[in-house]
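Undergrad: Here's a structure for you.
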Amino acid sequence: MSARFPAATTATAAETPLRSRRRRRAWHRRALPVTAPYALLLPTALVIAAVLGYPLYLLVKLSFQKYGLFELVRHKGHYVGTANYARILHDSQFWTVLGRTVLFTAVNVLLTLVLGTAIALLLVRLGRFMRLLLTTGLVLVWATPVVVAVDLWRWMVDYEFGVANWTLTELHLGNFLHHDWFANPWTGFGVITALIVWGAIPFVTITVYAGLSQVPQELIEAAQIDGASAFNVFREITLPLLKPIFVILASLSIIWDFQVFNQIWIMLDERPGSDYFLMSIYSFVESFRISEYGLGSAIAVVMVLFMFGVTFVYIRQMVRIGEVQ
């Protein structure tokens, strides 16, 4: 009987590596679905870190320094801690510019989403030829470079030769001959808002139209048979189904419109007054016109933090939508 124990012990010892290998294989099978997406994203993350991470590090570093023309010549700044941030946070102009930027962004995003969605709903109802014609026009607008678009709009509202001024006068909507739209910041920002919304509508329209093509027609027809109005159909059926698309569009629009620079800078001949300062213009002027590079960097860091906040909300919403689905 005792002779059997060595054989049993030998069999147990032989089975132990086999069980260990099986456990490792099972662990690899469980870990692969979790780690594979991160492994695929790793090269892109490294490239982004290399391209954006180092400049962002220099921006943050510069925001903690006094860096003017003297320091620029010496290529060495003077560390001042959070003095630049304290200075802008106690500056009434900073809060005025921030509030103006938030309001400007909200108006542009709202108009872009509403008008873009309305045109997308129109595309669904149009015939094939008119849909092709309108889509072609949207693509041409989308493909127009920003500088060219600004020059076109500046010509249309020109003080002396503006075709918009002439058209409004001929339609008897008022006397707009030799009317300077930018003398008043409200009308000036109205023109700039029209320009930005005009350029952003194509992306929103085409994206929403693509989403509308995926909405089941059976649900819409059933709601219409039950007597639901077009507005109720959109609110109760279309809008919930397109929520992920609207989250993406709203987040991207906020990021783009919050950092608008070229449209204002070019439209106002590179000499915008303080009434036209948004965060991007304010940061640029503080850095390169007044030569307070550290202060301008601090303003830029505040902008970056705002973008991070919007991006975080966007990612969180997308994760929640994915969990629900």
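The values are calculated or read from the model by the stated rules, or taken from the named source; none is laboratory data. Just so we're clear, the structure is a prediction, and the values are computed from it rather than from any experiment. Neighbour counts are summed over all protein chains in view; Cβ atoms, including those assigned to glycine, are modelled from backbone coordinates with ideal geometry. These accessible areas exclude ligands, DNA and RNA; they are computed on the full protein's heavy atoms, side chains included. Shrake-Rupley method; radii C 1.70, N 1.55, O 1.52, S 1.80 Å.
Undergrad: How many nm separate the modelled label positions at Thr187 and Ala106, each set 7 Å beyond the Cα in the direction of the Cβ?
TA: Between Thr187 and Ala106, the label points sit 2.6 nm apart.
Undergrad: Restricting everything to alpha-carbon atoms, can you work out Rg to Rh for region 211-292 with a Kirkwood hydrodynamic radius?
TA: 1.34
Undergrad: Let me ask another. Please state the Cα pair-distance histogram of region 70-213 with 10 angstrom bins from zero: what percent is in each bin?
TA: Going out from 0 Å in 10 Å bins, region 70-213 shows 10, 25, 26, 21, 12, 6, 1 percent.
Undergrad: If you don't mind, there's one more thing I want to ask. Test of understanding: given the chain, find the longest segment containing no GluC sites (Glu not before Pro) that are in a DSSP loop and have at most 15 other Cβ atoms within 10 Å.
TA: Details: sites that count: Glu160, Glu270.
With a cap of 15 other Cβ atoms within 10 Å, the longest stretch comes to 1-159.
Undergrad: Please give the peptides 259-265, 128-134 ranked by average Cβ packing (other Cβ atoms within 10 Å per residue), highest first, as a rough proxy for protection.
TA: Working: 259-265: 18.3, 128-134: 11.6.
Ranking the peptides 259-265, 128-134 by packing returns 259-265, 128-134.
Undergrad: What accessible area per residue, rounded to a whole number of Å², is obtained for the chain using a probe radius of 1.4 Å?
TA: Working: 20790 Å² over 325 residues.
Result: 64 Å² per residue.
Undergrad: Moving on. For Gln65, enumerate residues with amide H under 5 Å from its amide H, sequence gap 5+ or separate chain, H modeled in the peptide plane.
TA: Val80
Undergrad: Something else about it: Step through the residues of region 265-274 one at a time and calculate ³J(HN,Hα) from phi using the Karplus curve (6.51 cos²θ - 1.76 cosθ + 1.60, θ = phi - 60°), rounding each to whole Hz and writing x for Gly and Pro.
TA: Those phi angles translate into 4, 6, 4, 9, 6, 6, 9, x, x, 5 Hz.
Undergrad: Now, a different point. Measuring from centroid to centroid over Cα atoms, what is the spacing of region 142-212 and region 49-79 in Å?
TA: Comparing the Cα centres of region 142-212 and region 49-79, I get a distance of 38 Å.
Undergrad: Which value, in Å² and to the nearest 10, is the accessible area of Ser213 when all protein chains are kept and the probe is 1.4 Å?
TA: Around 80 Å² of this residue is reachable by solvent.
Undergrad: Take each of the peptides 297-307, 41-51, average the number of other beta-carbon atoms within 10 Å over its residues, and list them starting from the highest. Let's see the in-between values first.
TA: Working: 297-307: 19.5, 41-51: 10.3.
So the peptides 297-307, 41-51, ranked by packing, come out 297-307, 41-51.
Undergrad: A follow-up question, please. What relative contact order, as a whole-number percentage, does the chain give when Cα pairs under 8 Å and 6 or more residues apart are counted?
TA: Working: 259 pairs, mean separation 81.2, N = 325.
Computed value for the chain: 25 percent relative contact order.
Undergrad: Here's something else I'd like to know. I need the Debye-formula profile for the chain: one equal scatterer per C-alpha, no solvent, reported as log10 I(q)/I(0) at q = 0.08 1/Å, two decimals.
TA: Computed log10 I(q)/I(0) values: -0.59.
Undergrad: Filter the chymotrypsin sites (Phe, Trp or Tyr not before Pro) in region 137-179 down to the DSSP loop ones having no more than 15 other Cβ atoms within 10 Å, then list what survives. Mind dumping the intermediate values first?
TA: Values: sites: Trp142, Trp153, Trp155, Tyr159, Phe161, Trp166, Phe176; in loops: Tyr159, Phe161, Phe176.
For chymotrypsin sites (Phe, Trp or Tyr not before Pro) across region 137-179 that sit outside H, G, I, E and B with at most 15 neighbouring Cβ atoms in 10 Å, the list reads Tyr159, Phe161.
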